[in-house]
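S.K.: Please read through the structure below; I'll follow up with questions.
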Amino acid sequence: MLAYLLRRLLYAIPILIGVNLLTFTLFFMVNTPDDMARMQLGVKHVTAEAIEKWKTERGYDLPLFWNADAAGTEKLTRTIFTQKSARMFIGDFGRAENGRDIAREISARMGPSLAIAAPTFALTLFVAVCLALLLAFFRATALDFWGVAICVLLMSISSLFYIIGGQYLFAKVWRLVPISGFGEGLDNWRFLVLPVLIGVVSGVGASTRWYRTFFLEEVNKDYVRTARAKGLPETLVFFRHILRNALIPILTGVVALIPLLFMGSLLTESFFGIPGLGSYTIDAINAQDFPVVRSMVFIGSALYILGLILTDISYTLVDPRIQFGGQK
Amino acid sequence: MNFQPVMNFQPVLLWSDLLLWLLTFVAIGLGVYSAHVEHLQRAWARLSRNAVATGTASILCVFLLIGLLDSLHYRPRLESNPAAGAAVRTAHYAVEVRSLLDALLSSLREHHEKTYSAPLAIRLYVMETEETQTGATRDYPRLRHGGAHLADESGHLRDIFSSILQGIALAALLFFLLKMALARYRVPAGGVPANGSGFAWRGVLYALGAFLFLALPIAFLAADYHVFGTDKVGQDVLYQALKSIRTALAIGLVTTLVMLPLAIFLGIVAGYFRGWADDLIQYVYTVLNSIPGVLLIAAAVLMMQVFIDKHSGWFSTAAERADLRLVALCFILGVTSWTGLARLLRGETLKLRELDYIQAARAFGVSSGRIITRHLLPNLMHLVIIALAMDFSALVLTEAVLSYIGIGVDPAMMSFGSMINNARMELSREPAVWWSLATAFTFMLVLVLCANLFADALRNALSSMDDAAFEHEADMSGDP
């Protein structure tokens, strides 16, 4: 188990290097720092001095990979790649366009992101599993048909509609909750309840339909038939046998998403003015703040890989038949 | 009329037009081809007996027709000054690029109001100061075009009702004719279908009927009113929504053109040859997959913007620039989204290559290329078709989100996303302006819902051939 985990962790490193190289190519080689300077300075006819000044201020005046002018190891370290891209591996993300330290900003914004994303995630999972169980229990009836139809309808509505419509109705017309904002302490729940509710409604359709197929897959398996043949009532068959077995693929599937909760939700956070990582990303995209976008790409993929490793662990924990001893 | 040696318009072929038409012909060709592939025939037959499938397919065809009409572009000829006789020989064309749909909807396009007006209104939504002899009065002024034919405002409601009634009457007539035309295909209750095919004409009939009963009253009303109101600059919202259809279709369809070759080629190569090719391809798609989708798209689009700004001299018209941006966006979406299908095809190829018929082909000395094209590809087709259908609706929804974030289509190009983005603050006005948002969301809902229902029916029809294949999608464990 430990050897397997170690192997997975080692496998993550080349992937992160790949992500790093890819973002470096996108941000520094497709367009040179000169192009970025021209874009940021915003004028058609900027002077060469202004561009040079912009590049020197940000450390973009170095060569890309190989600094022939420097001495010794500095030939490698005094380059844009090492200074701007490779240093992300040690948690140094540099500074945003407005001069703030990105790493500190990120650690401050993870909390608010999680305050929205974690309850949304847990509630959606719970509601969707319950509804899927209900639909599977009443499978091939009118309830099942219309339940699935409503799920498809919910899936087909743009997430923007849920947010804009929900905000208008609950916050503006009925004035039940504040329109946007984020507070400290216990009073904060008033700001959280609407974004969480909207997140659950917009996600529950797809999840329910998806989980329902897991339940239906179990329904016709041999062990279920045995349980019925023993004379167990259908409810007991469902809650004791089918629910437990169908939860395996559901739970191992969602484990991969847990680390990504830190990234927050782009749309919800920007609509509700929550100072989390999602709104940070959106602001960076709108302001064309490339260092921030680069950092978020790196963090996002690191969290994704963490999710993959957690999934593997959860497989072994949930299902004793699976063992990653090494012969797999 | 004197003889004119030049045409009244100059056809313009935009890149996305070319790709959309190409896709339409390829799709028709593939449909004809797959109707002759034996193991797909049963699936098509099953699909065609499903009334939901035929119904949603007819609605999607209506959307496609609007999109294709909007993909025939031209530049109208400018009226040359008769005094300048020499100018007759060298015709001048407008900078503005129009489409056939624009020509058909010219009254909608040209009927600009000053600013917001509510659906079917005859007066502006905001007060204006009017100068009269007795002094200045504040009032809601009459619209320039909406209900301008009414001399007396008291006839407003009656006029609306009569237009709706006319539309419904015509729709009923057409529906009846359609029903008569389809009657000979009707399946008698419990009996064998007359022509043996069992095609669910019922779905087509009801879907087109619903479309007629909705569209015709709107068409009659649109002649005199702004049926869905006007936006901030006074443009008709119905016109914007109709123009947005093409953008949504382009995003949903052209993207697949980029994604398909990548996914099919790399997925099959990885599964068939295994070894270092498999390792390399798996590495590439794990890297791409590990970057959260929106961020990767954002990074690529930001870089594309810098690139387009740098080469702004390449484009002679604004439409060309917007169009290239659309194609580039499709390209970016395609490059970032092939990984799921490639992984699916790889897994399926791994399974298929061990089957007896492939082993037999290899024993006979059939070349790898021939095995892939003749024996593997036809048996993977159903996975490809299902994945395409399911991706389409997701892509349409993605476009709206991307345009809202500001990394979608060009702001000058009409799309559901830019309609929503432009109207984002309107609900917080007092009183709220809701019609732009409502129209964009409704059109999007109909398109996406039809696509989802059709994809579902398609999956049911095709995947009973192979149920297990799609379980791989749920398997998020990565590849050990």
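The values are calculated or read from the model by the stated rules, or taken from the named source; none is laboratory data. On a predicted model such as this, the values are computed, not experimentally measured, just so you know. Here Cβ is always computed from backbone atoms with ideal geometry, including for glycine, and neighbour counts include all displayed protein chains.
S.K.: Quick one: which of A:209, A:109 is among the basic types (Lys, Arg) and under 20 Å from residue A:260 (Cα atoms)? Write out each step before concluding.
M.R.: Details: A:209 fails: under 20 Å from residue A:260 (Cα atoms).
A:109 is the lone residue from the list that is among the basic types (Lys, Arg) and under 20 Å from residue A:260 (Cα atoms).
S.K.: Scan region A:233-276 for residues that are of a type in the set (A, V, I, L, M) and farther than 30 Å from residue B:406 by Cβ and jot them down. Give the steps one after another, and end with the answer.
M.R.: Looking only at region A:233-276, we keep the residues that are of a type in the set (A, V, I, L, M), and these are A:236-237, A:242-243, A:246-248, A:250-251, A:254-258, A:260-261, A:263, A:266-267, A:274.
A:236, A:237, A:242, A:243, A:246, A:247, A:248, A:250, A:251, A:254, A:255 - these are the residues of region A:233-276 that are of a type in the set (A, V, I, L, M) and farther than 30 Å from residue B:406 by Cβ.
S.K.: Only one residue in A:111, A:99, A:72 is on the phi > 0 side of the Ramachandran plot and either at pLDDT 75 or above or surrounded by 15 or more Cβ atoms within 10 Å (Cβ to Cβ) (or both), so which one is that? Outline the logic, then answer.
M.R.: Details: A:111 fails: on the phi > 0 side of the Ramachandran plot; A:72 fails: either at pLDDT 75 or above or surrounded by 15 or more Cβ atoms within 10 Å (Cβ to Cβ) (or both).
Answer to the check: A:99.
S.K.: Given the condition closer than 14 Å to residue B:333 by Cβ and either modelled with pLDDT of 85 or more or touching an Asp or Glu at 6+ places or on another chain (Cβ under 9 Å) (or both), answer yes or no: does some residue in region B:413-429 qualify?
M.R.: Step one: of region B:413-429, the residues closer than 14 Å to residue B:333 by Cβ are B:415, B:417.
Imposing the further condition that a residue be either modelled with pLDDT of 85 or more or touching an Asp or Glu at 6+ places or on another chain (Cβ under 9 Å) (or both) reduces the set to B:415, B:417.
Looking for residues that are closer than 14 Å to residue B:333 by Cβ and either modelled with pLDDT of 85 or more or touching an Asp or Glu at 6+ places or on another chain (Cβ under 9 Å) (or both), one finds at least one in region B:413-429, hence yes.
S.K.: Looking at region B:303-346, which of the residues that are acidic (Asp, Glu) and touching a residue at least 40 places away in the same chain (Cβ under 8 Å) is nearest to residue B:254 (Cα to Cα)? Spell out the reasoning first.
M.R.: Taking region B:303-346 first, the residues acidic (Asp, Glu) are B:309, B:320, B:323.
Narrowing the set further to residues that are touching a residue at least 40 places away in the same chain (Cβ under 8 Å) leaves B:320, B:323.
Values: B:320: 17, B:323: 12 Å.
Among those residues, the one meeting the criterion is B:323.
S.K.: Go through B:124, B:120, B:105, B:100 for me and flag whichever is surrounded by 13 or more Cβ atoms within 10 Å (Cβ to Cβ), in contact with a Pro (Cβ under 6 Å, 6 or more places away or on another chain) and modelled with pLDDT of 80 or more. Reasoning before the result, please.
M.R.: Working: B:120 fails: in contact with a Pro (Cβ under 6 Å, 6 or more places away or on another chain); B:105 fails: in contact with a Pro (Cβ under 6 Å, 6 or more places away or on another chain); B:100 fails: in contact with a Pro (Cβ under 6 Å, 6 or more places away or on another chain).
Answer to the check: B:124.
S.K.: Are there any pairs, at least 6 apart or on different chains, whose C-beta atoms fall under 8 Å, with the first in region B:286-302 and surrounded by 21 or more Cβ atoms within 10 Å (Cβ to Cβ) and the second at pLDDT below 85 and not in a helix (DSSP H, G or I), and if so, which?
M.R.: B:286/B:478; B:286/B:479; B:302/A:288
S.K.: Can we say residue A:242 is touching a residue at least 24 places away in the same chain (Cβ under 8 Å) and more than 8 Å from every other protein chain (Cβ to nearest Cβ)?
M.R.: Values: touching a residue at least 24 places away in the same chain (Cβ under 8 Å): yes; more than 8 Å from every other protein chain (Cβ to nearest Cβ): yes.
So residue A:242 fits the description; yes.
S.K.: Filtering region A:23-75 down to residues that are aromatic (Phe, Trp, Tyr) and assigned to a helix (DSSP H, G or I), which residue is farthest from the other protein chains (Cβ to nearest Cβ)?
M.R.: Step one: list which residues in region A:23-75 are aromatic (Phe, Trp, Tyr), which gives A:24, A:27-28, A:54, A:60, A:65-66.
Now drop any that are not assigned to a helix (DSSP H, G or I), which leaves A:24, A:27-28, A:54.
On the way: A:24: 11, A:27: 7, A:28: 10, A:54: 14 Å.
For region A:23-75, the residue satisfying everything is A:54.
S.K.: Among the residues of region B:348-371, which ones are exposed (fewer than 14 other Cβ atoms within 10 Å of the Cβ), over 15 Å from residue B:278 (Cβ atoms) and small (Gly, Ala, Ser)?
M.R.: Across region B:348-371, the qualifying residues are B:360, B:363, B:365, B:367, B:369.
S.K.: Which condition breaks for residue A:9 when tested against (1) out of contact with any Phe, Trp or Tyr (no Cβ under 7 Å at 6 or more places or on another chain); (2) part of a helix (DSSP H, G or I); (3) buried (at least 17 other Cβ atoms within 10 Å of the Cβ)?
M.R.: Here residue A:9 clears every test but (3).
S.K.: Take the residues in region A:264-292 that are in contact with a Ser or Thr (Cβ under 7 Å, 6 or more places away or on another chain) and facing chain B (nearest Cβ under 7 Å); name whichever of them is farthest from residue A:109 (Cα to Cα).
M.R.: Per the stated criteria, the residue is A:267.
S.K.: If you check A:152, A:173, which single one turns out to be β-branched (Val, Ile, Thr), within 14 Å of chain B (Cβ to nearest Cβ) and in contact with an Asp or Glu (Cβ under 9 Å, 6 or more places away or on another chain)?
M.R.: Numbers: A:173 fails: in contact with an Asp or Glu (Cβ under 9 Å, 6 or more places away or on another chain).
Of A:152, A:173, the one residue that is β-branched (Val, Ile, Thr), within 14 Å of chain B (Cβ to nearest Cβ) and in contact with an Asp or Glu (Cβ under 9 Å, 6 or more places away or on another chain) is A:152.
S.K.: Looking only at region B:414-426, filter to residues that are within 26 Å of residue B:320 (Cα to Cα) and not in a helix (DSSP H, G or I); which one of those is nearest to the other protein chains (Cβ to nearest Cβ)? First the steps, then the outcome.
M.R.: Of region B:414-426, the ones within 26 Å of residue B:320 (Cα to Cα) are B:414-423.
Applying the additional criterion that residues be not in a helix (DSSP H, G or I) yields B:414-415, B:423.
Details: B:414: 16, B:415: 12, B:423: 9 Å.
Per the criteria, the residue is B:423.
S.K.: Please work out if residue A:208 is touching a Cys at 6+ places or on another chain (Cβ under 6 Å), buried (at least 20 other Cβ atoms within 10 Å of the Cβ) and of a type outside the set (D, E, K, R).
M.R.: Numbers: touching a Cys at 6+ places or on another chain (Cβ under 6 Å): yes; buried (at least 20 other Cβ atoms within 10 Å of the Cβ): yes; of a type outside the set (D, E, K, R): yes.
When the stated conditions are applied, residue A:208 passes them.
S.K.: Residue check: is residue B:342 in contact with a Lys or Arg (Cβ under 9 Å, 6 or more places away or on another chain) and surrounded by 15 or more Cβ atoms within 10 Å (Cβ to Cβ)? Write out each step before concluding.
M.R.: Numbers: in contact with a Lys or Arg (Cβ under 9 Å, 6 or more places away or on another chain): no; surrounded by 15 or more Cβ atoms within 10 Å (Cβ to Cβ): yes.
It is false that residue B:342 is in contact with a Lys or Arg (Cβ under 9 Å, 6 or more places away or on another chain) and surrounded by 15 or more Cβ atoms within 10 Å (Cβ to Cβ).
S.K.: Could we say that residue A:310 is more than 10 Å from every other protein chain (Cβ to nearest Cβ), within 25 Å of residue A:14 (Cβ to Cβ) and out of contact with any Leu (no Cβ under 7 Å at 6 or more places or on another chain) here?
M.R.: So residue A:310 passes the test.
S.K.: Looking at (1) surrounded by fewer than 20 Cβ atoms within 10 Å (Cβ to Cβ); (2) in contact (Cβ under 8 Å) with a residue 60 or more places away in the chain; (3) more than 23 Å from the chain's Cα centre (by Cα), which is the only condition residue A:143 fails?
M.R.: (2)
S.K.: Of all the residues that make up region A:274-326, how many are of a type outside the set (A, V, I, L, M), crowded, with 23+ Cβ neighbours inside 10 Å and within 18 Å of the chain's Cα centre (by Cα)? Can you show your working first?
M.R.: Taking region A:274-326 first, the residues of a type outside the set (A, V, I, L, M) are A:275-276, A:278-281, A:283, A:286, A:288-291, A:294-295, A:298, A:300-301, A:304, A:307, A:311-312, A:314-316, A:319-321, A:323-326.
Filter again for crowded, with 23+ Cβ neighbours inside 10 Å, leaving A:276, A:278-281, A:290, A:294-295, A:300-301, A:304.
Now drop any that are not within 18 Å of the chain's Cα centre (by Cα), which leaves A:276, A:278-281, A:294-295, A:300-301, A:304.
Of the residues in that region, 10 qualify.
S.K.: Among (1) free of Cβ contacts under 8 Å to residues at least 24 places away in the same chain; (2) farther than 26 Å from residue B:394 by Cβ, there is one condition residue A:168 misses while meeting the rest; what is its number?
M.R.: Condition not satisfied by residue A:168: (2).
S.K.: For residue B:278, which of the numbered conditions (1) touching a Ser or Thr at 6+ places or on another chain (Cβ under 6 Å); (2) more than 10 Å from chain A (Cβ to nearest Cβ); (3) not polar (S, T, N, Q) fails to hold?
M.R.: Every condition holds for residue B:278 apart from (1).
S.K.: In contact with a helix residue (DSSP H, G or I) (Cβ under 8 Å, 6 or more places away or on another chain), of a type in the set (A, V, I, L, M, F, W, C) and within 13 Å of chain B (Cβ to nearest Cβ) - does that describe any residue in region A:88-111?
M.R.: Within region A:88-111, none of the residues are in contact with a helix residue (DSSP H, G or I) (Cβ under 8 Å, 6 or more places away or on another chain), of a type in the set (A, V, I, L, M, F, W, C) and within 13 Å of chain B (Cβ to nearest Cβ).
S.K.: Would you confirm whether or not region B:259-277 contains a residue that is of a type in the set (Ser, Thr, Tyr) and surrounded by 17 or more Cβ atoms within 10 Å (Cβ to Cβ)?
M.R.: Pass one, region B:259-277, residues of a type in the set (Ser, Thr, Tyr): B:272.
Going one step further and asking which of them are surrounded by 17 or more Cβ atoms within 10 Å (Cβ to Cβ), we end up with B:272.
Checked region B:259-277: at least one residue is of a type in the set (Ser, Thr, Tyr) and surrounded by 17 or more Cβ atoms within 10 Å (Cβ to Cβ).
S.K.: For region B:443-452, indicate whether the set of residues that are touching an Asp or Glu at 6+ places or on another chain (Cβ under 7 Å), crowded, with 24+ Cβ neighbours inside 10 Å and at the interface with chain A (Cβ under 10 Å from one of its Cβ atoms) is non-empty. Walk me through how you get there before you give the answer.
M.R.: First, the residues of region B:443-452 that are touching an Asp or Glu at 6+ places or on another chain (Cβ under 7 Å): none.
Checked against the condition, which is being touching an Asp or Glu at 6+ places or on another chain (Cβ under 7 Å), crowded, with 24+ Cβ neighbours inside 10 Å and at the interface with chain A (Cβ under 10 Å from one of its Cβ atoms), region B:443-452 yields no hits at all.
S.K.: Turning to a different aspect of this structure: Starting from region A:66-77, keep only residues that are polar (S, T, N, Q), then list their pairs with residues that are assigned to a loop (DSSP other than H, G, I, E, B) and surrounded by 10 or more Cβ atoms within 10 Å (Cβ to Cβ) whose Cβ atoms are within a distance under 7 Å, requiring at least 6 positions of separation or different chains.
M.R.: From region A:66-77, the pairs are A:67/A:78; A:67/A:79.
S.K.: For region B:427-442, which residues satisfy the criterion of being more than 10 Å from chain A (Cβ to nearest Cβ) and assigned to a helix (DSSP H, G or I)?
M.R.: Residues satisfying the conditions are B:435, B:436, B:439.
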